[in-house]
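Reading through the structure tokens given below for one structure.
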Amino acid sequence: MTTAAAGGGGDLSPAQVTRSLLAHYASSMAIGLAVGGFVPLIAVTLEARQVDTVMIGINSAMTSLGVLMIAPYATVFVRRFGASPAMVAGLLLTALSALAMAFIDNIWAWMVLRFLIGAGVSIHWVVSETWMNAIVSERRRGLVMSIYITSIASGFALGPIILTLIGTQGPAPFVTIAAITALTALPLALIRKLAPPLALETKGSVIRLAREAPTIFAAVLTVGLIDAAFFTFLPIYGIRIGMPSATAVTLLTAVFAGNVALQIPLGWLADRVNRRGLLLVLGTICIACPGLVAWLLRADSLAAYPILFFWGGCSFGLYTVGVTMLGERYRGGELVAANAAFVMTFELANLFGPPLSGWAIEAWVPTGLMVYMACICAGFVLLSLIRGWMRARGTVG
């Protein structure tokens, strides 16, 4: 384990750091757009082809499987090809796989292609977060990483908008998303010589991250479990309490909006306050919000929407602050491995989140969803308090 130095950026000038960050922000937005567009696009396309819902679910899981299988080997790709070429290859693999889906009409082939999309996304995801964390100074780390998270969230929001504009029929949506993704590989190729030294032999390990940095591990695990519950079941929760389906979808829109709008303020705050304390505050807010939202919605109050906005921003703020703390704690190849484990933890949580939250909502219709999300955050807060107490006593570093 390597403790972060106070500075960042190595021998790069401020202008070079800015160029690097802009390239990362653009490509991250494209990755967000690809994921935000493909999830509903592929689901709608397969449903129109009368594919069984179980098969649709399995097909969707292939992307996460690709991330989980490839992320541990991010250090291998960086060591073999270099940081910039590895990221460019990840983006092009994502784009080419998406393009192939426009012209191949076979469910089994689509599973392979979605696995490859996940593989491409994972390489970009791990190396991009590591690169940015490696070149920024400690005093700007939270702000820089929050802009990155905002870029991804904006891409998530743009994906469905693009589908609304160009439709979901034929090859056009696949080609459009593939083209945008491929184009953002160009600025990454142009900053090849600005890459920081990153590669060591260490592979990403979720168990190692949980052992060495349990608070950071718990933060990303929590946001992954909550994120999956939001995206999968929040509209269903609205429908089950009597909201029209079109209105129920707007619950998720409020969460999306908060996610996009609040990451930069939270990143700015993370550079000015104790980050562990900020995680604790965010976790506590996320315990209170589910019950408050449930009560306001049952009272048929529009006041639930500002709470959803705030809740969405604070819940994903756990990721923003967590990845900032990761860069504070690790350096070099250790940071690549730690970031790979961070990404793998998030994807594992996204895999287990839907069945767990689905079980909760069926066990206690519909209140179980809100209880589930409050309990997940309560577990995180409890762990954080225990770690803080142990740190105060000097029993942990």
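The values are calculated or read from the model by the stated rules, or taken from the named source; none is laboratory data. In this text the structure is predicted, and so the values were computed from the model without any measurement. A quick note on method: Cβ atoms are made from the backbone with ideal geometry, for glycine too, and the neighbour counts reach across all protein chains shown. Remember, those area values only see protein heavy atoms, side chains included, never the ligands or the DNA or RNA. Shrake-Rupley method; radii C 1.70, N 1.55, O 1.52, S 1.80 Å.
Note on the chain: GNM, Cα springs under 10 Å; of Ile287, Ile180, Ile58, the largest mean-square fluctuation is that of Ile58.
May I ask you to give the percent of accessible area on the range 263-349 that is carbon plus sulfur, with a probe radius of 1.4 Å? Carbon and sulfur together cover 71 percent of it. For the pair Ser205 and Arg272, label points projected 7 Å from Cα toward Cβ lie 4.0 nm apart.
With Rg/Rh (Cα atoms, Kirkwood Rh) defined as stated, name the option among (i) 0.98; (ii) 1.09; (iii) 0.96 computed from the structure displayed. Of the listed options (i) 0.98; (ii) 1.09; (iii) 0.96, (iii) comes from this structure.
With a Förster radius of 30 Å applied to the beta-carbon distance between Phe352 and Arg49, the computed FRET efficiency rounds to 0.60.
What whole number of Å gives the distance from the Cα centroid of the range 273-332 to the Cα centroid of the range 106-154? If you average the Cα positions of each part, the centres end up 21 Å apart.
For Met325, the shell of other residues with beta-carbons less than 15 Å away shows a net charge of +4, using +1 for Lys and Arg and -1 for Asp and Glu. Only helices reaching 30 angstrom along their own axis (Cα) with mean Kyte-Doolittle hydropathy no lower than -1.0 count here, and for the DSSP H runs of the chain these are 14-48, 107-135, 141-166, 214-240, 245-270, 275-298, 304-329, 332-363, 368-393.
Seen from Trp268, the other residues with C-beta closer than 12 Å to its C-beta sum to a net charge of +3, counting Lys and Arg as +1 and Asp and Glu as -1. Here the range 203-257 exposes an accessible surface that is 70 percent carbon and sulfur, computed with a 1.4 Å probe and the other protein chains kept in place. Available extension along the chain between Thr18 and Glu138 is 41.7 nm, counting 0.36 nm per residue and deducting the alpha carbon span.
Ligands, DNA and RNA are left out, and with a 1.4 angstrom probe the accessible area of the chain is 41 Å² per residue. Of the residues Pro196, Pro72, Pro355, the one that moves most in a GNM of the chain with alpha-carbon contacts below 10 Å is Pro355. The sum of -39500 (n - 2.57) across all DSSP H runs of n ≥ 4, divided by the residue count of the chain, sets its helix-only mean residue ellipticity at 222 nm to -28000 deg cm²/dmol. Leu382 sits with roughly 100 Å² accessible to a 1.4 Å probe, with DNA, RNA and ligands left out of the calculation. Using a simple spin-label model with pseudo-atoms 7 Å out from Cα toward Cβ, Val76 and Arg393 lie 4.2 nm apart. Considering only Met101, Met344, Met87, the mean-square fluctuation computed in a Gaussian network model of the chain, springs between alpha carbons under 10 angstrom, is largest for Met101.
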